[in-house]
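Right, one structure below, let's go through it.
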Amino acid sequence: MTPTDLVLFDIDGTLLDTQDAGVVAYARAAKTVFGTPFSFGNVPVHGRLDSENYADAVRRHLTDVDPREYEATFRNRYAAELEAIARDAGGFQPCIGALECLEMLESRSEVELGLLTGNWAETGRLKIRHAGIDPNRFRCNAFADDGDHRNDLVPIARRAFHDAHGAVPNRILVVGDTPRDIECAHAGGAIAVGVATGIHSAEVLRAAGADLAVEDLTAGRAMFARLLDSASGAEPPAER
């Protein structure tokens, strides 16, 4: 059966917990490349693109430097630092219910899985590999490389689905742990599923406009099954 529905997962705080390894790797990479570590105190990095966080940090710490000039060098160093942190930590921990939820969705022939994340592609895949998740499970993806802002990403994933299957998906679900994931989903005409395994509660995600919000992906398994089995396929189930 050709897939008809696309379920897109955020990475950090949704599929896995890196214990802010990315922030530490940013600081270490910046120390090597620029001679000064980046600090993100009072900077709302969650839910933004890596490209946005990098450019913002360069502008705040190095006012006379063009971020584009050093981006490739920084990304390579950031990936190396993140790899070292993951290795020293013995890997990253999948979020509650994430592995079981992925397995349930993969058992549904109508579902295609994808990633929709603020991570750059190479380090996003690195993170999920170090959580014991095969990146090849996700075929229709959108990374920080693919747009200037997170709201650009749902159309990218929709196009990847069309390229793979010759049709647009009937439904797209975006699963994430921040209000920016919710905003991104709605900007792209997708159903927004909030999961409270990051820094935001289910109540905050509902207030941000999530169509559905769950405490973790253990609860999400039943919710996804109800949604995918719904008769019309047009609206998510009412309960949250």
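For the range 13-32, the tally of residues that are touching a residue at least 24 places away in the same chain (Cβ under 8 Å), surrounded by fewer than 17 Cβ atoms within 10 Å (Cβ to Cβ) and of a type outside the set (S, T, N, Q) stands at 1. For the range 57-74, taking the residues that are at pLDDT 95 or above and of a type in the set (A, V, I, L, M, F, W, C), the one that is surrounded by the fewest Cβ atoms within 10 Å (Cβ to Cβ) is identified as A72.
Return yes when F74 is of a type outside the set (K, R), in contact with a helix residue (DSSP H, G or I) (Cβ under 6 Å, 6 or more places away or on another chain) and assigned by TED's automatic domain parsing to the domain that holds A27 and no when it is not. Criteria met by F74. Residues being over 20 Å from A98 (Cα atoms), among the charged types (D, E, K, R) and under 14 Å from the mean Cα position of the chain (by Cα) are represented in the range 149-162 by at least one member.
Restricting attention to the range 167-182, which residues are surrounded by 18 or more Cβ atoms within 10 Å (Cβ to Cβ) and either under 17 Å from R48 (Cα atoms) or of a type outside the set (A, V, I, L, M) (or both)?
Correct list: P169, R171, V174, V175, G176, D177, T178, P179, R180, D181, I182.
Scan the range 85-110 for residues that are surrounded by fewer than 19 Cβ atoms within 10 Å (Cβ to Cβ) and either out of contact with any helix residue (DSSP H, G or I) (no Cβ under 8 Å at 6 or more places or on another chain) or not in a helix (DSSP H, G or I) (or both) and jot them down. The answer is R87, D88, G90, G91, Q93, I96, L99, E103, S107, R108, S109, E110. Just one of the numbered conditions (1) surrounded by fewer than 20 Cβ atoms within 10 Å (Cβ to Cβ); (2) assigned to a loop (DSSP other than H, G, I, E, B) is not true of V204: (2).
The values are calculated or read from the model by the stated rules, or taken from the named source; none is laboratory data. In this text, all values refer to a predicted model and were calculated from it rather than measured experimentally. When we count neighbours, we look across all protein chains shown, and the Cβ atoms used for this are built from the backbone with ideal geometry, even at glycine.
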